[in-house]
Amino acid sequence: ELTGALRAAGLESSQLVVGIDMSASNSWTGKKSYGRSLHDWTPGSTPYEDAITLVGPILENFDEDNIIPAFRFGDSFTTDQSVMPLSPSGVADCNGVAGVIQAYREAVVSVKMSGPTTMAPMIDQAIALCQQTNEYHILIILTDGDISSKQRDAAAVLRARDYPLSIIAMGLGDGPFDVLEHFDDHLKKKGSGKDWDNFQFVPFTHLQQTVFNKCERPDLTLATAVLQEVPEQFKTIKRFGLLDRGH
């Protein structure tokens, strides 16, 4: 049904981009939900890995070349100023979801968490990819939601509305997620210019702990939550001609 809605909107293919929050707050924002750091993989996998594993295969269906650029932010190298390839090898492009998970595992054991947490550099990186290719991109940001600069991130989300880009933030751990919830429905552009809702917030941990164990296909439940606004967003992108011109 969801795939049908995406196809009906004219979406044949897209390019996925993944951003992983490696800020130090991940060390404590999982204590209530998981009893451990959100990047602690000693039980076998981390909540971040669980989220990628669950939603990735569905999203892969809409990634034309199965090459997924993956980045990290909030670590000791990037802080709140930049992003770097998720893999410590320095190569951003991953071979499908399996490649993203492999890069994440390498990062978790070698990258030092830092901060502050801001999504703006990751959003700007996705904008740059849109500028390079003039293709529709879906940016998946996985974060603990402890946003340090609401104003800076809001400006980045609004800036992204000039490009063929959907932004989906998946919240992991205990939060707070109030800033991301605000971005989902209440962020408006001032003045002239094309305005549309390009941001979707999905509370992954909340769904995982309240809904997933009651349904047969948690992957489809999550995919529906993640992609529910994409058909309308893609229609809007086409209507505004954001795919028709270089920037």
For this session: With only Lys, Arg, Asp and Glu charged, each at its Cβ (+1 for the first two, -1 for the last two), find how big the charge dipole of the stretch 94-193 is about the Cα centre; round to the nearest 20 debye.
Result: 340 debye
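Assuming a ≥ b ≥ c are the square roots of the Cα gyration tensor eigenvalues, decide whether the chain counts as rounded (a/c under 1.5), prolate (otherwise, with a/b larger than b/c) or oblate. Show your work: numbers first, answer last.
Values: a/c = 1.42, a/b = 1.28, b/c = 1.11.
It is rounded, given that a/c, with a ≥ b ≥ c, falls under 1.5.
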Exercise. Ordered by packing density, taken as the mean number of other Cβ atoms within 10 Å over each peptide's residues, highest first, how do 238-244, 103-109, 91-97, 47-53 rank?
Worked result: 47-53, 103-109, 91-97, 238-244
Exercise. Which ³J(HN,Hα) values, rounded to whole Hz and listed in residue order, are derived for the stretch 115-129 from phi using the Karplus coefficients 6.51, -1.76 and 1.60 in 6.51 cos²θ - 1.76 cosθ + 1.60 with θ = phi - 60°, glycine and proline given as x?
Worked result: x, x, 8, 9, 8, 3, x, 5, 5, 5, 5, 5, 4, 4, 5
Exercise. P(r) of the stretch 17-155 in 10 Å steps, Cα pairs, percent per bin?
Worked result: 13, 45, 35, 7, 0
Exercise. When the Cα centres of the stretch 148-167 and the stretch 108-128 are compared, how far apart do they sit, in Å?
Worked result: 14 Å
For this session: Could you please tell me the mean projected area of the C-alpha convex hull for the stretch 1-53, averaged over all directions and given in square nanometres to one decimal?
Result: 5.5 nm²
Problem set entry | Qualifying aspartates and glutamates (Cα of each under 12 Å from Cα of Lys188; at least 8 residues distant if same chain) | Asp197
For this session: Give the order of Asp178, Asp80, Asp146 when sorted by the count of other beta carbons within 10 angstrom, beginning with the fewest.
Result: Asp178, Asp80, Asp146
Exercise. Near Lys194, which lysines are there with a Cα under 25 Å away, not counting those fewer than 8 places off in the same chain?
Worked result: Lys150, Lys235, Lys238
Exercise. By a straight-distance test (C-alpha under 20 Å), which aspartates and glutamates pair with Lys112 as possible cross-link partners, with residues fewer than eight away in the same chain excluded?
Worked result: Asp21, Asp40, Glu49, Asp75, Asp80, Asp144, Asp146
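The numbers here are math on the coordinates, done by the rules we state, and not lab data. Values in this document were obtained by computation on a predicted structure and should not be read as measured data. Every residue, glycine as well, gets a Cβ built from its backbone with ideal geometry; the counts of neighbours run over all protein chains shown.
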